[in-house]
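I have placed the structure first, in the form of structure tokens, so that the comments after it can refer back to it.
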2 protein chains.
Amino acid sequence: MADHNALPLIVLAEKFASLPGIGMKTAQRLAYYVMSMEDEAVEEFAKALTDAKRNVHSCKCCQNLTEREICPICSAEERDKGIICVVETPKDVTAFERTREYNGVYHVLHGLISPMDNVTPDKIRVKELLSRISQGNIKEVIMATNPTVEGDATAMYIAGLLKPLGIKVTRLAFGLPVGGILEYADEVTLYKALENRNTM
Amino acid sequence: MADHNALPLIVLAEKFASLPGIGMKTAQRLAYYVMSMEDEAVEEFAKALTDAKRNVHSCKCCQNLTEREICPICSAEERDKGIICVVETPKDVTAFERTREYNGVYHVLHGLISPMDNVTPDKIRVKELLSRISQGNIKEVIMATNPTVEGDATAMYIAGLLKPLGIKVTRLAFGLPVGGILEYADEVTLYKALENRNTM
């Protein structure tokens, strides 16, 4: 925005523009929209920002985001603490919980190993996973990172650390998506589906 | 987000989703992004929101958004206070200022007359324009609303109020955009360009 615009509006637009996926044009539109909001709604928005940042942190156990010391999943008595599903982000936990089928617990890495982007194993929550496993009673660790170069590399790296400890490490199955059409499947997915075929 | 997500994160995502053009998926992504920001940056963002809302208001004269009582354009001595360019939004002021050619002042309506959307003339800043004009010394009022049904209707309505007062009312010229290609111009634009042709 040019000089004749009110400074606080320019500042606000710049803040919006600093968010991922929001360009300067959209940011200006959002800043103008804020001007049309009720005073109270704007105060609530500001409070939501600081509240989330102040009160939400990593669960001491699984590293998922929570407002408690230990998250609801880790503190749920009915969940099997012997099975740990290792994921990249808190969003992945949400995805698994939507299946309503998984009864183990999680470990959120908050990233994937990617030497190209300067993300080494010490930059993600690997040592927290190891210290958790060293406390014993872990039956299985499921590597549930994405089937990408970084996801596979991270899964392989962690599996390499855990196998010598005698822990069962598994990887999510890759194959045709349910409801998918064979004709449209890419060749790698189809190869995985063939390779991992099951007896009927 | 499901129940196991931290409540402050859900609240923040809902706030983002209440902004125009931001869906729930994007809002969740933004909420997670806020968690990765520095504490200080989040506080500054929250402050920018409340600062903009608290300190920015309409200029007493032209109704444009400003943090002062009278905006910089209205208070600039070198600007011609006898010519008023009437626009819909503060963004339109920015657009005209970018041309660096206009030396008059503005009047921001903050909307267009649209009976379909229940926007009657009393809901936009028409009476502020009239009271401003009644103070005298106005040579020309340029109707610079968009060339849409609502923009044209608003321009016609205001022109109808001002002409009996003996004030010169003009409308922006419509024609081919500079750099535009004749072949791709729509028929209404082409007709306007033909109708408003100038002697060379």
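The values are calculated or read from the model by the stated rules, or taken from the named source; none is laboratory data. Computed from a predicted model, the values in this text were never measured in an experiment. Every residue, glycine among them, receives a Cβ derived from its backbone with ideal geometry; neighbour counts consider all protein chains shown. Heads up: the accessible areas ignore ligands, DNA and RNA and are worked out on the full protein's heavy atoms, side chains in. Shrake-Rupley method; radii C 1.70, N 1.55, O 1.52, S 1.80 Å.
Some notes on this structure:
- The residues listed here are B:128, B:150, B:140, B:183; of these, the one that is modelled with pLDDT under 90 and of a type in the set (D, E, K, R) is B:183.
- Among (1) under 17 Å from the mean Cα position of the chain (by Cα); (2) under 20 Å from residue B:76 (Cα atoms), the one test that residue B:132 misses: (1)
- Selection status of residue A:51, touching a residue at least 40 places away in the same chain (Cβ under 8 Å), surrounded by 14 or more Cβ atoms within 10 Å (Cβ to Cβ) and of a type in the set (Asp, Glu): no
- Flag: residue B:93 does not match the condition of being in the same structural domain as residue B:188 (by TED's automatic domain parsing), farther than 30 Å from residue A:45 by Cα, in contact (Cβ under 8 Å) with a residue 12 or more places away in the chain and crowded, with 16+ Cβ neighbours inside 10 Å.
- Number of the exception - residue B:83 against (1) open to solvent by 60 Å² or more (accessible area, probe 1.4 Å); (2) of a type in the set (A, V, I, L, M, F, W, C); (3) within 18 Å of residue B:70 (Cα to Cα): (1)
- Set side by side, the residues B:46, B:17 differ, and just one is within 16 Å of residue A:30 (Cα to Cα) and in contact with a Gly (Cβ under 7 Å, 6 or more places away or on another chain), which is B:17.
- Helices (runs of 4 or more DSSP H) (entirely within the stretch A:1-89) containing at least 3 residues that are at the interface with chain B (Cβ under 7 Å from one of its Cβ atoms) and in contact with an Asp or Glu (Cβ under 9 Å, 6 or more places away or on another chain): A:7-17, A:39-55
- Scoring residue A:43 on the criteria (1) open to solvent by less than 20 Å² (accessible area, probe 1.4 Å); (2) closer than 26 Å to residue B:22 by Cβ leaves a single failure, condition (1).
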